[in-house]
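The values are calculated or read from the model by the stated rules, or taken from the named source; none is laboratory data. All values reported here derive from a predicted model rather than from experimental measurement. Here Cβ is always computed from backbone atoms with ideal geometry, including for glycine, and neighbour counts include all displayed protein chains. We work out accessible area using only protein heavy atoms, side chains counted, and drop any ligands, DNA or RNA first. Shrake-Rupley method; radii C 1.70, N 1.55, O 1.52, S 1.80 Å.
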Amino acid sequence: QVQLVESGGGLVQPGGSLRLSCAASGLIFGVYVMSWYRQAPGKERELVARITSSGSTNYADSVKGRFTISRDNAKKSVYLQMASLKPEDTAVYYCNARYVSSNYWGQGIQVTVSS
């Protein structure tokens, strides 16, 4: 059974930082493309950042230069380091694992940026 478990969310002030983690189990982690998505209230889920099995990354324009995605295949984990957070970054953040026709989601974790 595949599980993706996110952690590290919470409340942070504008300009602050958070690090999200996603621990995977039940899959051959190294072959999967790992991504972070987010969904704000009343909005569609959007891609935040993606990292391939070879380590190539891409980011949404809105987070370029502020967020960094990384992975540790030995720990079967993917991370999202978020800096210079803005109120518009407030959303539920989801971890995603995709390989060919396999597509898995975590349960999501709340990130709130507010003073």
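So here's what we get for this one:
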read-out	value
Virtual spin-label span in nm between Lys86 and Ser7, 7 Å along Cα→Cβ	3.1
Inter-site label distance for Glu46 and Arg66 at 7 Å from Cα along Cβ, in nm	1.0
Between segment 62-114 and segment 1-31, the Cα center-to-center distance that results, in Å	6
Accessible surface, per residue, of the chain when the full set of protein chains is kept, probe 1.4 Å, Å²	52
Segment 31-87: Cα Rg divided by the 2.2 N^0.38 Å rule of thumb	1.16
Extension gain from Asn73 to Gln39, taking 0.36 nm per residue of separation minus the Cα-Cα distance	9.6 nm
Residues Arg19 and Ser101, FRET efficiency given R0 of 22 Å [Cβ-Cβ distance, rounded to 0.05]	0.10
P(r) histogram, all alpha-carbon pairs of the chain included - 5 Å bins from 0, percent	2, 13, 25, 26, 19, 10, 5, 1, 0
